[in-house]
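What follows is one structure encoded as structure tokens, with my remarks underneath.
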Amino acid sequence: MPPPPGSVRSSYLLPACSTEQMPTPPADPDGFQPPPYPYDRLEEMRAVAGAHEGGCVDLSVGTPTDPPTDAVVAALCTSGTERGYPPSIGTATYREAAAAWMHRRVGVDVEASALAACIGTKELVAGLPQWLHLRRPSRDTVLYPAISYPTYEMGAILAGCRAVPVAVDDDFRIDLDDIDPADADRALCLWVNTPGNPAGGIDDLGAAAAWGRAHGVPVFSDECYIEFTWSGPPRSILEHGTDGVVAVHSLSKRSNLAGARAGFYAGDPDLVSYLSEVRKHAGFMVPGPVQAAAVAAWSDDDHVDRQRDAYLARLERMQDLLARWGVAVALPEGGFYLWVPAPDGDAWGFARRLATDAGVLASPGEFYGEAGAGHVRLAMVRPQDQLDLVARRLGLA
Ligand SMILES: Cc1ncc(COP(=O)(O)O)c(C=O)c1O
């Protein structure tokens, strides 16, 4: 049974560490109580990993640590756009650069008028259900993959909606047949994520688009790892038309700009227009200097090719280290995470072992849904010299 509106899955509520900050009680006993932020539950293990000489090798959060390009940093510093309000939808240059990137790298043509800026994509993911619910108050359900980025679920909760996970298959692809028709009738949207975080699966985006059209449910396709696709070409839902679908993109991973906050959403003109109008009223704006930097980032692909090589090399290196340590893991089809089955299925125990023996901080899989509870996620965002440390600690150097 899906949780009632506003409830929080149990995995958020079980304290893992004594140092965790517990939320303050709600003003009203029936009111919303923000759960502990998942990564805040890792502080005790961070201390254990940090006790190693050389410190903690933090592979918990998927935050880039490699630098953005000089051209991007220069654009950030010299745009002269600090004084005035930036356009919420994004400057014409911003939207054209993003559309040109889609054309060049993904082979999809999208009108700049059917594309709008967002302040990174987390805020869009978290806020979308409330905007969609305002427009369609008779619907109250958000569908998302059962093993996935936690903000799909949290967005539903923050809007007081029902968060209904959809099963994934053995290859971590969303199983559209698992969706209960009664949930489809109530759905505000379906989220898909290719390549997927945390497991690196590649969905059939044509099937997702067709399902949405058949059921009258908008499909939002989170494609922020698109250029880190290892099996086959990059895929976008917009290859299957724009009717009823929206692709969501970010510069955070592509261009190591998670600190600057820039992304966009594009596709169905009616949905993009509605969302961009609502968001303009609410004051969502990518800062002008960031918009200028984003143009430089979308306009260059060489840095992404270098980053691809770095991520793949790190994934392969860590896979090899784990194998020699007795833990088998497959490489993902995309993305920069290793989704490691925990020996004996005990993810917290395995994460503690990684902290104790390797000085590595990992994310227990329940952060990505109860269906992920038997895995840990390793984000290969740290450079090779940090993996040298891991190899030495495990006696594998
Ligand atoms: C699948 C997915 N979507 C969206 C985001 C949010 O990225 P940002 O808000 O930096 O664009 C992340 C970040 O980890 C992610 O993994």
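Being away from the ligand (no atom under 14 Å from the Cβ) and assigned to a strand (DSSP E or B) is the filter here, so list the residues in segment 171-188 that pass it. Outline the logic, then answer.
Keep residues of segment 171-188 that are away from the ligand (no atom under 14 Å from the Cβ), which gives 171, 173, 175-188.
Hits for segment 171-188 are Ala187, Leu188.
Ala75 meets each of the listed conditions (1) hydrophobic (A, V, I, L, M, F, W, C); (2) surrounded by 20 or more Cβ atoms within 10 Å (Cβ to Cβ); (3) closer than 16 Å to Asp222 by Cβ apart from (3).
Picking from Leu331, Leu378, Leu322, which residue would you name as being among the hydrophobic types (A, V, I, L, M, F, W, C), more than 14 Å from Val61 (Cα to Cα) and not in a loop (DSSP other than H, G, I, E, B)? So that I can check it myself, show each step before the final result.
On the way: Leu331 fails: not in a loop (DSSP other than H, G, I, E, B); Leu378 fails: more than 14 Å from Val61 (Cα to Cα).
Among Leu331, Leu378, Leu322, only Leu322 is among the hydrophobic types (A, V, I, L, M, F, W, C), more than 14 Å from Val61 (Cα to Cα) and not in a loop (DSSP other than H, G, I, E, B).
Restricting attention to segment 321-332, does a residue exist that is touching a Gly at 6+ places or on another chain (Cβ under 7 Å) and under 19 Å from Ala247 (Cβ atoms)? No, because not a single residue in segment 321-332 is touching a Gly at 6+ places or on another chain (Cβ under 7 Å) and under 19 Å from Ala247 (Cβ atoms).
Residues in segment 85-101 that are closer than 16 Å to Pro269 by Cβ and within 16 Å of the ligand (Cβ to nearest atom) were compared, and the one that is surrounded by the most Cβ atoms within 10 Å (Cβ to Cβ) is Ala98.
Going by the conditions given, is Asp170 under 18 Å from Gly365 (Cβ atoms), surrounded by fewer than 24 Cβ atoms within 10 Å (Cβ to Cβ), out of contact with any helix residue (DSSP H, G or I) (no Cβ under 9 Å at 6 or more places or on another chain) and acidic (Asp, Glu)?
Working: under 18 Å from Gly365 (Cβ atoms): yes; surrounded by fewer than 24 Cβ atoms within 10 Å (Cβ to Cβ): yes; out of contact with any helix residue (DSSP H, G or I) (no Cβ under 9 Å at 6 or more places or on another chain): yes; acidic (Asp, Glu): yes.
Spelling it out, Asp170 is indeed under 18 Å from Gly365 (Cβ atoms), surrounded by fewer than 24 Cβ atoms within 10 Å (Cβ to Cβ), out of contact with any helix residue (DSSP H, G or I) (no Cβ under 9 Å at 6 or more places or on another chain) and acidic (Asp, Glu).
Checking Tyr144, Tyr152 one by one, the residue that is touching a strand residue (DSSP E or B) at 6+ places or on another chain (Cβ under 6 Å), assigned to a helix (DSSP H, G or I) and within 15 Å of the ligand (Cβ to nearest atom) is Tyr152 and no other.
If you take the residues in segment 260-270 that are at negative phi and touching a Ser or Thr at 6+ places or on another chain (Cβ under 9 Å), which one is surrounded by the fewest Cβ atoms within 10 Å (Cβ to Cβ)? Break it down into steps so the answer makes sense when it comes.
In the first step, residues of segment 260-270 are kept if they are at negative phi; the result is 260, 262-266, 268-270.
The next check asks that each one be touching a Ser or Thr at 6+ places or on another chain (Cβ under 9 Å); those that pass are 260, 262-266, 268-269.
Values: Ala260: 23, Ala262: 28, Gly263: 26, Phe264: 29, Tyr265: 26, Ala266: 28, Asp268: 23, Pro269: 15.
Only one residue tops the list, namely Pro269.
With respect to Pro145, is the statement that it is surrounded by fewer than 23 Cβ atoms within 10 Å (Cβ to Cβ) and either of a type outside the set (Ser, Thr, Tyr) or more than 19 Å from Gly369 (Cα to Cα) (or both) true? In short, no. Those residues that are within 26 Å of Arg173 (Cα to Cα) and charged (D, E, K, R), I need them from segment 110-159; list them, please. Passing the criteria: Lys122, Glu123, Arg139, Asp140, Glu153.
Can you find a residue that is in contact with a His (Cβ under 6 Å, 6 or more places away or on another chain) and either of a type in the set (Lys, Arg) or at pLDDT 95 or above (or both) anywhere in segment 128-144? No, that holds for no residue.
Among the residues of segment 212-270, the ones that are assigned to a loop (DSSP other than H, G, I, E, B), in contact with a Lys or Arg (Cβ under 7 Å, 6 or more places away or on another chain) and within 16 Å of the ligand (Cβ to nearest atom) come to 3 in all. There is at least one residue in segment 156-170 that is under 30 Å from Asp305 (Cβ atoms) and not in a helix (DSSP H, G or I).
From the list Ser221, Ser231, the lone residue that is in contact (Cβ under 8 Å) with a residue 24 or more places away in the chain, surrounded by 22 or more Cβ atoms within 10 Å (Cβ to Cβ) and polar (S, T, N, Q) is Ser221. Reported count of residues in segment 355-384, each being in contact (Cβ under 8 Å) with a residue 60 or more places away in the chain, touching a helix residue (DSSP H, G or I) at 6+ places or on another chain (Cβ under 7 Å) and hydrophobic (A, V, I, L, M, F, W, C), is 9.
When Ala342 is tested against (1) surrounded by fewer than 19 Cβ atoms within 10 Å (Cβ to Cβ); (2) touching a helix residue (DSSP H, G or I) at 6+ places or on another chain (Cβ under 6 Å); (3) farther than 15 Å from Ala391 by Cβ, just one condition goes unmet, and that condition is (1). Taken over segment 102-141, residues that are closer than 19 Å to Glu227 by Cβ, within 16 Å of the ligand (Cβ to nearest atom) and in a loop (DSSP other than H, G, I, E, B) amount to 2.
The values are calculated or read from the model by the stated rules, or taken from the named source; none is laboratory data. Bear in mind that the values here come from a model prediction, so they are computed numbers and not experimental data. Neighbour counts run over all protein chains shown; Cβ positions are idealised from the backbone, glycine included.
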